[in-house]
Amino acid sequence: MTNEHLPPGQRAARGWPVSHYGPVPRFRADRWNLQVFGATATREKYSWTLEEVTALPATTITADLHCASGTSTFGHEFFGVPAAVLLELAPPGPHVTHVMAWAEYGYSANIRIEEFTSEQSLLATHHNGEMLTAEHGFPLRLVVPHLYGYKGPKWLRGIEYMTQDRRGFWEERGYHNLADPWAEQRYSYQEDDCH
């Protein structure tokens, strides 16, 4: 891997290491849905079953992934629903500045709306042509490859529209609020004003 693909302070890793906090959740199709809620334009809550999510317009992206612990992996092919599709189906209100991505067990990650709406942001169902494994986030994970991995939760269950920022799980535990790997934004002590 050439150095221009490797953000500062990162080292290349082989394969796709599994990294997450807590146990792998057991998938129950009859209880699973994806919700969009919070400051929606209609003030309504939106909900889709997995079957409905997989019927939405989808695309494939190729992306590198960067972990705040210092490893990077390259050339991942993800297939899924672009975040922009979700925004069309469940429009945010005019004052939305951030989203909170919610996952199983109450895990959360806050993301600025412009990061969430990036062309690379994807609600992924597949990796390298195969359905995601449970360890890598089946049935749905958020992929935001231009940020450190903790901004892209596995086992995604909801998107909350917010009119002001609120820290997510790792951000409350000392990780950087913005998480740009090219600026080495790993830890909260490096923050100036991220809000």
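With +1 assigned to the C-beta of every Lys and Arg and -1 to the C-beta of every Asp and Glu, and no other charges, what is the dipole magnitude of the chain about the Cα centre in debye, to the nearest 20?
Here the size comes out at about 600 debye.
May I ask for the Kirkwood hydrodynamic radius of the stretch 97-182, worked out over all distinct Cα pairs and given in angstroms to one decimal?
Evaluated over the stretch 97-182, this radius sits at 12.9 Å.
Extent of the chain along each principal axis, from alpha carbon coordinates, in Å, largest to smallest?
Projected onto its principal axes, the Cα set of the chain covers 44, 39, 30 Å.
Only the coordinates and a few stated rules stand behind these numbers; no lab work does. Note that the structure is predicted; figures quoted are calculated from it, not measured. We place every Cβ from the backbone using ideal geometry, glycine too, and count neighbours over all the protein chains shown.
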